[in-house]
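Colleague: Pasting a structure below so you can have a look.
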């Protein structure tokens, strides 16, 4: 995964590659609506909290990890040095 907070607008995008025995393939691009995706994620989080279930892939632990990675990226941009994030 590569992440930057300073890409020029024309460089913004995402690509997904699938690696396997026969090399690398590009996964089909998605034209998904980010607002719909965010809404679905929030709905799943609210539903899980309401149900009391544990172990969803997008639970609070995942959210905390995302915040940790984003904070490290921000620190890296601010300090100009590589910031390690625990595996």
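Colleague: Using a ≥ b ≥ c from the Cα gyration tensor of region 1-51 (square roots of the eigenvalues), is it rounded, prolate or oblate, where a/c under 1.5 gives rounded and otherwise the larger of a/b and b/c decides, a/b for prolate?
Modeller: The shape class here is oblate.
Colleague: A further question on this structure: Would you calculate the separation in nanometres between label points at residue 85 and residue 43, each defined as 7 Å from the Cα along the Cα-to-beta-carbon direction?
Modeller: 2.7 nm
Colleague: Another question, if that's okay. Under 1.5 on a/c is rounded, so check that first for the chain, then, if it is not, pick prolate when a/b is larger than b/c and oblate when it is not; a ≥ b ≥ c are the square roots of the alpha carbon gyration tensor eigenvalues.
Modeller: Details: a/c = 1.63, a/b = 1.21, b/c = 1.35.
Judged from the Cα gyration tensor, the chain comes out oblate (a/c at least 1.5, b/c at or above a/b).
Throughout, read-outs are computed from the coordinates displayed, never taken from laboratory work. Note that the structure is predicted; figures quoted are calculated from it, not measured. Counting neighbours? That spans all protein chains shown, and the Cβs are built from the backbone with ideal geometry, glycine included.
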